[in-house]
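S.K.: Structure incoming, see below.
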Amino acid sequence: MANYYPPVGFHFKVEVLGLAPKDHDVRFTEVSGLAVEMGTEEIAEGGENRFVQKFPTGAKYPELVLKRGLLLNSAITDWIRECIEEFRIQPKNIDIKLLNEEHQPLMTWHLVNAYPTKWAVSDLNAANNAVAVETMQLYYQYFTVDKS
């Protein structure tokens with residue numbers, strides 16, 4: 001029987017579909033928010049105050065958070081700025097690809113109708129020896145997963 005090793009979580013890329021990525025635009029240091037949760041609604045049982053019934057309402061997805069070193073020439077940052085500053089919101093689909101040793105996708109998360117809700121840069125501090133990090137927060141409706 002062959003040994004199974006789980007994939008590493010540090011070899012991935014992020015593609016915003018419909019944008020021509022500039023150099024290094026697919027490279028991020030951190031991705032969070034790939035989760036799904038069953039939403040529920042609590043309803044007090046009529047005539048019996050000791051019990052509460054909990055009913056499913058549908059899937060809930062948290063906002064996606066992307067982090068990377070500040071990139072000065074970025075199609076993704078241009079899109080975010082256009083959406084937030086000019087209020088010209090153009091939702092995009094996003095692919096997050098977990099890669100193998102040959103840089104081929106092992107799994108791909110397809111996020112549907114994403115748009116930015118926040119952009120921030122890390123604190124600038126002359127006493128620290130740290131890279132400036134930009135953080136992007138995006139809403140999305142749902143995701144699907146492809147396994148290679």
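The values are calculated or read from the model by the stated rules, or taken from the named source; none is laboratory data. In this text the structure is predicted, and so the values were computed from the model without any measurement. Because the Cβ atoms are built from the backbone with ideal geometry, glycine has one as well, and the counts that use them run over all protein chains shown.
S.K.: Quick check on Thr108: is it under 29 Å from Pro6 (Cα atoms) and either surrounded by fewer than 16 Cβ atoms within 10 Å (Cβ to Cβ) or in contact (Cβ under 8 Å) with a residue 24 or more places away in the chain (or both)?
M.R.: So Thr108 fits the description; yes.
S.K.: Residues being surrounded by 10 or more Cβ atoms within 10 Å (Cβ to Cβ) and of a type in the set (A, V, I, L, M, F, W, C): count how many of those fall in the stretch 52-63.
M.R.: Adding up the residues that qualify gives 2.
S.K.: Looking at Leu71, Leu66, which one is at pLDDT 90 or above, part of a loop (DSSP other than H, G, I, E, B) and aliphatic (A, V, I, L, M)? Quick ask: steps written out before the conclusion?
M.R.: Details: Leu66 fails: part of a loop (DSSP other than H, G, I, E, B).
Answer to the check: Leu71.
S.K.: Can I ask one more? Hey, can you tell me all the residues within the stretch 37-49 that are surrounded by 11 or more Cβ atoms within 10 Å (Cβ to Cβ) and outside any strand (DSSP E or B)?
M.R.: none
S.K.: Give me the pairs, please: first residue somewhere in the stretch 123-148 and free of Cβ contacts under 8 Å to residues at least 60 places away in the same chain, second residue anywhere and aromatic (Phe, Trp, Tyr) and assigned to a strand (DSSP E or B), beta-carbon distance under 9 Å, and either six or more positions apart or on two chains.
M.R.: Pairs found: Thr144/Trp109; Val145/Trp109; Asp146/Trp109.
S.K.: Does Glu42 satisfy the condition of being at pLDDT 95 or above, touching a strand residue (DSSP E or B) at 6+ places or on another chain (Cβ under 9 Å) and not small (Gly, Ala, Ser)?
M.R.: no
S.K.: What tally of residues in the stretch 1-32 results from selecting those that are over 16 Å from Asp78 (Cα atoms), part of a loop (DSSP other than H, G, I, E, B) and in contact (Cβ under 8 Å) with a residue 60 or more places away in the chain?
M.R.: Adding up the residues that qualify gives 4.
S.K.: Could you tell me whether Val131 is surrounded by fewer than 18 Cβ atoms within 10 Å (Cβ to Cβ) and part of a strand (DSSP E or B)?
M.R.: no
S.K.: Let me ask another. Go through Arg88, Arg68, Arg81 for me and flag whichever is more than 11 Å from the chain's Cα centre (by Cα), surrounded by 15 or more Cβ atoms within 10 Å (Cβ to Cβ) and not aliphatic (A, V, I, L, M).
M.R.: Details: Arg88 fails: surrounded by 15 or more Cβ atoms within 10 Å (Cβ to Cβ); Arg81 fails: surrounded by 15 or more Cβ atoms within 10 Å (Cβ to Cβ).
Only one candidate qualifies: Arg68.
S.K.: Which residue pairs have Cβ atoms closer than 7 Å, lie 6 or more positions apart in sequence or on different chains, and pair a first residue in the stretch 50-79 that is over 21 Å from Gln90 (Cα atoms) with a second residue that is in a loop (DSSP other than H, G, I, E, B) and among the small types (Gly, Ala, Ser)?
M.R.: The qualifying pairs are Gly69/Ala132; Leu70/Ala132.
S.K.: Taking the condition of being of a type outside the set (Phe, Trp, Tyr) and exposed (fewer than 15 other Cβ atoms within 10 Å of the Cβ), how many residues in the stretch 7-21 meet it?
M.R.: Our first condition is that a residue be of a type outside the set (Phe, Trp, Tyr); within the stretch 7-21, this holds for 7-9, 11, 13-21.
If we keep only those that are exposed (fewer than 15 other Cβ atoms within 10 Å of the Cβ) as well, we get 7-9, 11, 17-18, 20.
Within the stretch 7-21, residues that are of a type outside the set (Phe, Trp, Tyr) and exposed (fewer than 15 other Cβ atoms within 10 Å of the Cβ) number 7.
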